[in-house]
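A short worksheet on the structure shown next.
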Amino acid sequence: MILETSGGRTSRQEQPAAQPKECFLIQPKETNEDATKTRKRKKKKITDVLAKSEPKPGTPEDLQKLMKDYYSSNRSVIELEELTLPDLCFLKANDLTHSLSSYLKEICPKWVKLRKNHSEKKSVLMLIICGSAIRALELIRSMTAFKGDSKVMKLFAKHIKVQEQVKLLEKRVVHLGVGTPGRIKELIKQGGLNLNPLKFLVFDWNWRDQKLRRMMDIPEIRKEVFEILEMGVLSLCKSESLKLGLF
């Protein structure tokens, strides 16, 4: 800007430079409702994928693969071979068309004769392993057509102390045991359950809980099952005195 002074001279007055203005982009705040909707959408999506997946019945190969994956990190090649279950120990697996009673009748058609000849205490002829106490009770109710007069014992921890179960096994002959791997493992450790007379070991393999998990999908249960296998089950399978079933 040019200004004229009283002496006729001109002078230049500079204007102050314009200050740059800062621009901020304001993100809309996510409300609790929006966050909840996002979580719900994600959860629903995962559940939908699992729910829509075609159910496939468990096979002996599935168990063998799980065992290999579980032991491969801390066992040698020779030890892994020792931990492999022989093919002959596997019974026909449930093809998802059976009830528990019909499946047990198929894999053990001579059950009545077997249980009549069983007189050893602190043992069972057939052991069914499942993922929870509630599931164990469901299985016991659903085997009515198969068990007949067989003595059945609940082998889980809910509301039952392990010492009580040890005493019951010592007092009477039991034909069928249904329970969870944690309690079954504890009974074996304490000497309350002898596996030698065991003829059938059945895993509740295909059933899924509310989160659509099978028993062997849960790490804690999987670990306990494999510990039971090493507590005598593997040697019995190799001697061909014990058969395995996947229900």
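Overview of results
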item	result
Per-residue HN-Hα couplings for region 144-160 [Karplus 6.51, -1.76, 1.60; θ = phi - 60°; Hz; x = Gly/Pro]	3, 5, 8, 6, x, 8, 5, 7, 10, 10, 7, 10, 9, 8, 5, 6, 10
Neighbourhood net charge (12 Å Cβ-Cβ; Lys/Arg +1, Asp/Glu -1) for W207	0
Protein accessible area in region 116-211, 1.4 Å probe - carbon and sulfur %	49
Computed lengthening from D149 to V173, 0.36 nm per intervening residue step minus Cα-Cα distance	7.4 nm
Against the rule of thumb 2.2 N^0.38 Å, how large the Cα Rg of region 133-247 comes out	1.05
Theoretical FRET efficiency, 1/(1+(r/R0)^6), r = Cβ-Cβ of K121 and R75, R0 22 Å, to 0.05	0.05
Cα-Cα over 26 Å, subset of K167/K211; K56/K211; K122/K211; K147/K243; K151/K185; K116/K189	K167/K211; K122/K211; K116/K189
Computed accessible area, S73, all protein chains, 1.4 angstrom probe, square angstrom	100
Inter-probe distance in nm under a simple model that places probes 7 Å from Cα toward Cβ, at K189 and K92	3.8
For region 179-245 and region 140-156, distance of Cα centres in Å	18
Table column - 3J(HN,Hα) (Hz), region 118-123, Karplus curve with 6.51, -1.76, 1.60, x for Gly and Pro	8, 9, 7, 7, 6, 7
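The values are calculated or read from the model by the stated rules, or taken from the named source; none is laboratory data. Because the structure is predicted, anything quoted here is derived from the model rather than measured. Every residue, glycine among them, receives a Cβ derived from its backbone with ideal geometry; neighbour counts consider all protein chains shown. Each accessible area value is taken on the protein alone, full model and side chains, heavy atoms only, with ligands, DNA and RNA left out. Shrake-Rupley method; radii C 1.70, N 1.55, O 1.52, S 1.80 Å.
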